[in-house]
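The values are calculated or read from the model by the stated rules, or taken from the named source; none is laboratory data. Fair warning: this is a prediction, and the values are worked out from it, not measured in the lab. Cβ placement follows ideal geometry from the backbone for every residue including glycine, while neighbour counts extend to all protein chains displayed. These area figures cover heavy atoms from the full protein model, side chains too; ligands, DNA and RNA do not enter into them. Shrake-Rupley method; radii C 1.70, N 1.55, O 1.52, S 1.80 Å.
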Amino acid sequence: LELQADAKRRLAWALPYGVVAVLAILSSQHAKVFRSDEALWRDTLKKNPNAWLAHNNLGTVLLSRGENAAAIAMFERTLELHPNFAEAQANLANALAAMGKEDEAIAHFRLALKCTPDHAGVHNALGVALMKKGEIDEAIEHFRAATNGKPSDAMMAHDNLGQALTMQGKTEEAIVHFQQVLRLVPRRLKTRLNYGVALMALGRYADAAEQFNEILRLAPGQPVVQQNLGIA
């Protein structure tokens with residue numbers, strides 16, 4: 001009896017450790033699923049092929065790696081499952097634009113705006129696509145709409161708006177938008193370059209040279225900036 005009782009006590013102590021060991025093994029196996037976003041979403045889709053958000057999120061991972069065709073397939077599947085998902089429409093448009101399919105991209109940006117008319121990021125992206133096609137007037141409308149968005153979207157919109165206005169020869173107005181960006185982000189060198197070029201277009205060569213010198217102070221050795229400085 002004493003031996004049996006002793007055996008039971010040993011078994012009682014051993015069981016919790018055994019359970020912990022099993023759980024540790026299972027946790028280790030499950031942790032592999034979370035080693036990356038891609039692994040997580042692929043595992044989700046393996047278990048639930050109709051998980052529309054997982055299709056979208058996997059598509060964004062693929063798009064970030066430049067795997068545009070695979071990303072497009074993910075976004076298209078997302079929209080089959082959830083047609084009014086604005087984020088997937090915008091993601092699909094971005095992937096199409098990355099492949100040079102501007103017309104298709106524009107169509108999907110428009111669909112995204114039907115779902116979320118005030119989305120500054122989509123207005124910005126649609127404006128850029130339109131500007132590439134030379135449809136400057138409509139691009140400007142979308143950039144102006146995007147200036148009402150959150151600070152990061154508004155900054156991008158002012159930069160884009162300045163470029164679009166410059167293309168229309170409205171240089172004085174363009175300069176105002178470049179200045180607004182630089183007040184928020186002084187080290188945004190692309191905007192400072194555009195600003196300098198706009199100043200040169202107005203014959204303000206000393207002011208333009210000041211901008212180019214500032215760029216070279218922050219990031220020396222840029223041939224395009226040095227060339228513009230020489231012209232100024």
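Some values worked out for this structure:
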{"read-out": "Neighbourhood net charge (10 Å Cβ-Cβ; Lys/Arg +1, Asp/Glu -1) for K133", "value": "-3"}
{"read-out": "Given K150/K190; K46/K101; K46/K114, the pairs whose alpha carbons are separated by over 28 Å", "value": "K46/K101; K46/K114"}
{"read-out": "Volume per residue that the Cα convex hull of segment 60-173 spans, once the total is divided by residue count, Å³", "value": "95"}
{"read-out": "Local electrostatic count at R217 - Lys and Arg +1, Asp and Glu -1, tallied over other residues with Cβ under 12 Å", "value": "0"}
{"read-out": "Apportionment of accessible area to carbon and sulfur, segment 82-197, percent (1.4 Å)", "value": "54"}
{"read-out": "Segment 107-232: radius of gyration and largest Cα-Cα distance (Dmax), Å", "value": "15.4, 49"}
{"read-out": "Phi-based couplings in Hz for segment 203-214 (Karplus 6.51, -1.76, 1.60; Gly and Pro marked x)", "value": "x, 8, 5, 5, 5, 5, 4, 4, 5, 5, 5, 5"}
{"read-out": "Within-12-Å neighbourhood charge of V122 [Cβ basis; K, R +1; D, E -1]", "value": "-1"}
{"read-out": "Packing-based order for 44-53, 210-219, using average beta carbon neighbours within 10 Å, highest first", "value": "210-219, 44-53"}
{"read-out": "Heavy-atom surface of segment 90-232, accessible at 1.4 Å and reported per residue (Å²)", "value": "49"}
{"read-out": "Calculated from backbone phi, Karplus (6.51, -1.76, 1.60) coupling profile of segment 43-48 in Hz, x at Gly/Pro", "value": "5, 4, 6, 5, 7, 9"}
